[in-house]
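Here is the structure we will look at.
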């Protein structure tokens, strides 16, 4: 596992930046152990080099990926909730959302307000928030009137430090009902345990951890 | 076994800003690629076979199908459609200044002959919908 800095853009700015955003990089073996199929595009060239923040944007820009995604989750997508969205409508809505997603994320990062996009993953995480790092989600984009794009992260310190663990297009309201969100839950849990083991609970401790881990590369 | 990662030097923010500025028109290209992806699945065509049919390299096909470097020319799209025997594009044309008359230039790809047969259909809003003339 590796860690990449998303914002600020330069390592030397981390200490002075009020709200830093980083992302995890899982290699193919780690992703497969988390449940991603070996033939999935996520573990193939060229996507295998991207961290868990950059990769979703690359995948969501791929017509082939979106077509495979649509086929894989067709039973969910062709239900009334999604107004029986067609494959082409799915690609169109995803593509249109990508631009807006990028704009919003950049705007919030550069104004050090990334935290305003974040919500606790569920009520249990909300309760823990005052005393501990928690699992969070960022909702974005629009498909057929719904907001199904999800980035998942560990909020290491509220309003100050976030580590993105993955992203997906949520097809079912219950994360435990679809494989893509089950895998995101596993990623969250894995990263949460590592941070806990290394006593990473604040922005400062994460910066130390980040430099230590990156020196191993 | 995991490969050795090549670290990206460009920051995501810089790359994203560039993409935002240059995104116009790519949606249409992606729609075209999606039609080819669907054609491949329906006809059980591999990427290698597609590359052979289009007279391009497999590496290009891989990038193409993932929407990378797809600033497609109309002539390229027409050629791909012709080679595969599928319709990939319609180019409507409107007579300047005439809101009642719409001329649609439809490029039809004949599956049997695999030849382009351009036809011009003139639709007029003042005529019943079932009425049209072909020239």
Test: residue in the range A:12-23 that is without any contact (Cβ under 8 Å) to a residue 40 or more places away in the chain, at the interface with chain B (Cβ under 9 Å from one of its Cβ atoms) and either crowded, with 22+ Cβ neighbours inside 10 Å or out of contact with any helix residue (DSSP H, G or I) (no Cβ under 7 Å at 6 or more places or on another chain) (or both): no
Some residue of the range A:99-107 being surrounded by 22 or more Cβ atoms within 10 Å (Cβ to Cβ), within 24 Å of residue B:47 (Cα to Cα), modelled with pLDDT of 90 or more and under 17 Å from the mean Cα position of the chain (by Cα): no
Criterion: touching a strand residue (DSSP E or B) at 6+ places or on another chain (Cβ under 9 Å), part of a helix (DSSP H, G or I) and free of Cβ contacts under 8 Å to residues at least 60 places away in the same chain - qualifying residue of B:20, B:13, B:32, B:36: B:13
Among (1) touching a helix residue (DSSP H, G or I) at 6+ places or on another chain (Cβ under 9 Å); (2) surrounded by fewer than 21 Cβ atoms within 10 Å (Cβ to Cβ); (3) facing chain B (nearest Cβ under 10 Å) - the single one residue A:40 does not satisfy: (3)
Helices (runs of 4 or more DSSP H) contained in the range A:54-168 and holding at least 2 residues under 28 Å from residue A:191 (Cα atoms): A:54-60, A:63-72, A:87-110, A:123-128
Residue within the range B:79-96 that is surrounded by 15 or more Cβ atoms within 10 Å (Cβ to Cβ), more than 14 Å from chain A (Cβ to nearest Cβ), on the phi < 0 side of the Ramachandran plot and modelled with pLDDT under 70 present: no
Selection count, the range A:43-53, where residues are touching a strand residue (DSSP E or B) at 6+ places or on another chain (Cβ under 8 Å) and either more than 8 Å from chain B (Cβ to nearest Cβ) or surrounded by fewer than 22 Cβ atoms within 10 Å (Cβ to Cβ) (or both): 3
Of the criteria (1) more than 8 Å from chain B (Cβ to nearest Cβ); (2) not in a loop (DSSP other than H, G, I, E, B), which one residue A:6 fails: (1)
Scan of the range A:55-68 for residues that are surrounded by fewer than 22 Cβ atoms within 10 Å (Cβ to Cβ) and either touching a residue at least 60 places away in the same chain (Cβ under 8 Å) or within 17 Å of residue A:151 (Cα to Cα) (or both), ordered by number: A:55, A:57, A:58, A:61
Among (1) under 16 Å from the mean Cα position of the chain (by Cα); (2) touching a residue at least 12 places away in the same chain (Cβ under 8 Å), the one test that residue A:112 misses: (1)
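The values are calculated or read from the model by the stated rules, or taken from the named source; none is laboratory data. The structure displayed is predicted, hence computed values, not measured ones. Here Cβ is always computed from backbone atoms with ideal geometry, including for glycine, and neighbour counts include all displayed protein chains.
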